[in-house]
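These notes concern the structure reproduced below.
The values are calculated or read from the model by the stated rules, or taken from the named source; none is laboratory data. Computed from a predicted model, the values in this text were never measured in an experiment. Note that we place each Cβ from the backbone using ideal geometry, even for glycine, and neighbour counts take in every protein chain shown.
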Amino acid sequence: MSTGERAADAAAEDDGARRGRPAWRDREHPTFAALTGFYAGLLYVALVPGGFIALMTVLFGADRAEELVPFVLVTLVVPIALVVNQRTRRFGKYFWLGMVLSAVVVIGVAAAVLWFMVERQS
């Protein structure tokens, strides 16, 4: 690390401290995009479909909302756009990872509970 880079880092830390934010937030911290992307994907899987269904039920009633359920797939445009854009690609990859792992865990737990209930019933 050169003297100029050290001075720039120190200036960034001082600037961040003056604004009341940690210095790493102003730079490209290697874990920031990964953690925020993963948890954003997890929340996206949990909240977006439920919120969409709730909103459609309030606006159009339960019967019409059931017909509109497939349109929740339109919301996948956001994660796709995050991966396509070069600037947000790393965040988008972890966003997808959070989405996929959340779905795998939910399906796995549901399958295990269903299997346990069927075995217990017999």
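At a glance:
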| item | result |
| --- | --- |
| Failed item, numbered, when Asp14 is tested on (1) over 15 Å from the mean Cα position of the chain (by Cα); (2) at pLDDT 90 or above | (2) |
| Ala103 touching a residue at least 12 places away in the same chain (Cβ under 8 Å) and either farther than 20 Å from Phe38 by Cα or surrounded by 12 or more Cβ atoms within 10 Å (Cβ to Cβ) (or both) | yes |
